[in-house]
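**Q** Here it is, the structure, as structure tokens.
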Amino acid sequence: MGEIAKLHFRGKVYDLPVYTGIENESAVDISRLRSDAGLITLDPGYANTGSCKSSVCFIDGEKGILRYRGYDIAELAEKSNFIEVAWLLLKGELPTREERESWSWQIQHHTMIHEDIKRVYQGLPKDAHPMAVCSSVVGALSSFYQDALEPRDEDLVWLSAKRLLAKFPTIAAYSYKFSIGQPFMYPMNNLAYAENFLQMMFGTPCEPYIVHPTAAKALDLLLLLHAEHEQNCSTSTVRLVGSSMSNLFSSISAGISALWGRLHGGANQAVIEMLEQIAAEDGSAKKFVERAKTKEVRLMGFGHRVYKNFDPRAKILKKACEDLIAARGMTSLGEEARLLEIALELEEIALRDDYFIGRKLYPNVDFYSGIIYKALGIPVNMFTVLFAMGRLPGWIAHWMEMHQDTDFKIGRPRQIYTGPSLRKYVPMEKR
Ligand code: ACO
């Protein structure tokens, strides 16, 4: 018999089982609360609600820990790559040598999209945000692969997962090419994941495009660091949509839409805009921090709902920024060098300031990712698209896990009604 929490309500006592996870985090199981006590829980933003049990990812925000399937993010960042991590998240274990070779080959050979999908782009305005384009095209995949939509057929789901991972860089790069009026570049099967994307983004049919290895490495790292982050807004969306037995493509399209918002995936863009604003004013990080303390502005890229310590991804990205500079020289970063200087200064001032220390506000993943994207020449409105590309394996892993869960149920929260009580219809002449 495990631990029991007791709820006293209207003269009765209800026993609520306590479930303890592998890392000792505890949850009160309230799944019988409504039938036993006539009560539901009220938890706006689900901040205290565990919606499922999951083995994909572990976060300890107080200690700044992030692990994918038990592996520490820093170790994966140092020793692995995005495609291997995608397998790890989807399958639960690191691939053997043969599995890794076969997996990489399969992803590299599913990269083309149906020629007719290009017509979906033609139907959209040229100035559409690439996130709107990507969610539309990913949603449209369910009309192109009608033979593989059954959510309970594991072989078909695996095929759809491969198609999504392989084709998303093509879909994303086309959204950019479409917006600038350049021809779409076909994927190249001899290129690795990040290289292929950069080739499709920046190549043209007029001349060969050589991808800089440092750029491909930096992008691969960014994708790996964004690959998974448990039950955030977009992952919960993917699960919720999938719980109605909607197909994988539709669920991921919804996840892309959820990620788009500025409170979620859009913050990396806000960091760059903040740094540019400081550079355009007088370049004073100190003054900006003072304004943040009076709440006139927010220090974007600082603070996190879960991390009350350094976001472990921010630490890795800070070093990646420094490595990029060491490899290519500060001058190669151009305008971004100035932004990086301001970012470093902001971080130093904020980390020594009582306002930020007292509130446990530390740099988050977005503080440095935008600087690297900019240094790679990625346009600002594509930052969130790259976040989506990185997050794909996590979304798919959760979608699959949910369908294999013996506790599976359609997601359907309750509410407390606050509207008018029963009233009579008022005829038009009496309103
Ligand atoms: N700059 C200045 N003050 C801040 C900041 C910040 N970036 N973040 C929080 N605070 C202050 C708040 O004003 C509040 O102060 P108070 O106690 O005096 O009222 C206190 O710190 C607590 O802040 P909350 O907003 O309650 O914290 P919450 O956990 O709800 O918000 C959030 C977290 C949204 C990330 C917030 O820190 C923020 O807005 N940060 C900037 C935006 C950002 O970088 N978002 C990216 C998050 S990472 C990701 O999504 C991948």
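The values are calculated or read from the model by the stated rules, or taken from the named source; none is laboratory data. Everything quoted here is computed from the prediction, not taken from an experiment. Positions of Cβ are backbone-derived with ideal geometry, glycine not excepted, and every protein chain shown enters the neighbour counts. Each accessible area value is taken on the protein alone, full model and side chains, heavy atoms only, with ligands, DNA and RNA left out. Shrake-Rupley method; radii C 1.70, N 1.55, O 1.52, S 1.80 Å.
**Q** Among the residues of region 68-92, which ones are under 13 Å from CYS57 (Cα atoms) and in a loop (DSSP other than H, G, I, E, B)?
**A** ARG69, GLY70, GLY92
**Q** So, in region 254-287, exactly how many residues are near the ligand (Cβ under 9 Å from one of its atoms), open to solvent by 20 Å² or more (accessible area, probe 1.4 Å) and either free of Cβ contacts under 8 Å to residues at least 24 places away in the same chain or part of a loop (DSSP other than H, G, I, E, B) (or both)?
**A** At the first step, the residues of region 254-287 found to be near the ligand (Cβ under 9 Å from one of its atoms) are 262-268, 270-271.
If we keep only those that are open to solvent by 20 Å² or more (accessible area, probe 1.4 Å) too, we end up with 262-264, 270.
If we keep only those that are either free of Cβ contacts under 8 Å to residues at least 24 places away in the same chain or part of a loop (DSSP other than H, G, I, E, B) (or both) too, we end up with 262-264.
Result for region 254-287: 3.
**Q** Check region 373-392 and report whether any residue there is assigned to a helix (DSSP H, G or I), more than 15 Å from the ligand (Cβ to nearest atom) and more than 24 Å from ASP127 (Cα to Cα).
**A** Looking through region 373-392, at least one residue is assigned to a helix (DSSP H, G or I), more than 15 Å from the ligand (Cβ to nearest atom) and more than 24 Å from ASP127 (Cα to Cα).
**Q** Now a separate question. For region 150-157, does any single residue satisfy the condition of being open to solvent by 50 Å² or more (accessible area, probe 1.4 Å) and within 24 Å of ASP116 (Cα to Cα)?
**A** Checked region 150-157: at least one residue is open to solvent by 50 Å² or more (accessible area, probe 1.4 Å) and within 24 Å of ASP116 (Cα to Cα).
**Q** Next question, about the same structure. What are the pairs with Cβ atoms under 6 angstrom where one residue, in region 114-142, is under 17 Å from LEU164 (Cβ atoms) and the other, located anywhere, is open to solvent by less than 40 Å² (accessible area, probe 1.4 Å) and in a loop (DSSP other than H, G, I, E, B)? Sequence gap at least six, or different chains.
**A** SER142/ASN247
**Q** Which residue is farthest from PHE58 (Cα to Cα), if the candidates are limited to region 288-306 and must be in a loop (DSSP other than H, G, I, E, B) and near the ligand (Cβ under 6 Å from one of its atoms)? It would help to see each step written out before you state the result.
**A** Restricting attention to region 288-306, the residues satisfying the condition of being in a loop (DSSP other than H, G, I, E, B) are 294-301, 303-306.
Adding the requirement that they be near the ligand (Cβ under 6 Å from one of its atoms) leaves 295, 298-301, 303-305.
Details: LYS295: 32, ARG298: 28, LEU299: 27, MET300: 25, GLY301: 22, GLY303: 19, HIS304: 16, ARG305: 15 Å.
Only one residue tops the list, namely LYS295.
**Q** Please list, ordered by first then second residue, the pairs with beta carbon atoms under 7 Å, 6 or more apart or interchain, first in region 341-365 and in contact (Cβ under 8 Å) with a residue 60 or more places away in the chain and farther than 15 Å from MET300 by Cβ, second open to solvent by 10 Å² or more (accessible area, probe 1.4 Å) and within 13 Å of the ligand (Cβ to nearest atom).
**A** TYR355/LYS293
Results for (1) surrounded by fewer than 19 Cβ atoms within 10 Å (Cβ to Cβ); (2) in contact with a helix residue (DSSP H, G or I) (Cβ under 7 Å, 6 or more places away or on another chain), shown as yes or no for each residue.
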site: GLY50; (1), (2): yes, no
site: LYS63; (1), (2): yes, no
site: GLY70; (1), (2): yes, no
site: GLU75; (1), (2): yes, no
site: GLU78; (1), (2): yes, no
site: TRP87; (1), (2): no, yes
site: THR96; (1), (2): yes, no
site: SER104; (1), (2): yes, yes
site: HIS109; (1), (2): yes, no
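**Q** Consider PHE310 carefully, then state whether it is among the aromatic types (Phe, Trp, Tyr), more than 8 Å from the ligand (Cβ to nearest atom) and under 15 Å from PRO363 (Cα atoms). I'd like the intermediate steps shown before the answer.
**A** Values: among the aromatic types (Phe, Trp, Tyr): yes; more than 8 Å from the ligand (Cβ to nearest atom): yes; under 15 Å from PRO363 (Cα atoms): yes.
The answer is yes for PHE310.
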